[in-house]
Amino acid sequence: MSGGLGRPIRVVVFSGAYLDPPALRFALALEAHPGVELLGVLCQAPAAGWRFRLRERWRRRGVLAAGVLLRDALAAIGRFLDSPRAALARRSVARQLAPKVLTVSDIHAPQVLTQVRAWQADLGAVYGAPVLRPALYDMPALGTLGIHHGRVPDYRGRKTTFWEIYNGEKVAGVTIQRLEAGIDTGDVVKSGEVTIGRKGYGRVERETQELGLRLFLEAILEARDGRTTRVPQSGHRGRHYGQPTAGDFLRLWLRVLGRRFGSRVT
């Protein structure tokens with residue numbers, strides 16, 4: 001692609017059942033950026049509202065859901081205490097964003113495709129969405145980009161930051177890729193890494209999310225300016241990882257303790 005748009009890039013976001021904190025921060029960053037016109041945020045879910053979000057988190061995380069909710073609440077309080085003015089500014093942007101967040105029961109329904117077509121988006125952006133079909137992700141003029149917290153092609157699938165730590169990798173990766181057929185197989189447009197060292201899972205996850213937000217925004221602005229570079233993935237398919245269990249988290253916690261105290265605990 002050569003040349004640029006010469007105006008804010010028109011972006012539609014495809015997300016999951018609800019905007020969890022990282023996806024919400026991403027949407028807020030797009031809404032606040034002068035170089036981006038956020039058209040809408042589509043979430044696929046049978047319902048909306050905080051009751052549904054609680055049920056969905058329990059379904060996905062089980063007993064770990066309580067810890068995740070507590071972590072998110074403490075993080076929000078910490079951000080407010082650290083910078084009340086910035087927190088109030090985020091609330092103002094969130095009020096602007098709210099009417100643009102649309103919950104649909106089927107993200108590929110004909111009426112949804114009609115709405116996306118009417119928006120005439122330049123670019124699609126995926127953050128936590130279900131697997132999309134070409135009829136949707138090929139609709140924006142410049143295609144659709146997605147974020148993957150993991151190094152490709154070695155770590156594909158779900159919760160790959162966890163599995164990179166679990167497997168003893170030295171770094172955890174973040175990839176911004178063009179959506180294509182297959183899961184986490186598209187051309188890479190941006191990538192980066194976070195050193196793991198002796199950090200716990202929570203810290204590494206936060207750092208990869210912060211890096212991913214920056215890389216995703218950079219990729220969107222590069223698309224606006226006609227500076228996108230695409231690097232095909234190697235022929236190596238890598239492994240497809242699934243959601244870790246409570247037992248997996250316990251084993252990781254014991255391993256981290258072992259490394260910190262100089263002994264091997266399994």
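General observations
- Eligible lysines near Lys199 by straight Cα distance, threshold 23 Å, same-chain separation 8 or greater: Lys159, Lys170
- Inter-centroid distance (Cα atoms) of the stretch 1-43 relative to the stretch 221-257, Å: 22 Å
- Ranked by how many other beta carbons lie within 10 Å on average, peptides 200-208, 226-234 from highest: 200-208, 226-234
- The order of Lys199, Lys170, going from fewest to most other C-beta atoms within 10 Å of their C-beta, is Lys170, Lys199.
- Pairwise centroid distance, computed over Cα atoms, of the stretch 124-156 with the stretch 160-207, Å: 15 Å
Each value in this text was obtained by applying a stated rule to the coordinates, not by laboratory testing. From a predicted model like this one, the values you see are computed outputs, not experimental measurements. Methodologically, a virtual Cβ is constructed for each residue, glycine included, from the backbone with ideal geometry; neighbour enumeration extends over all protein chains shown.
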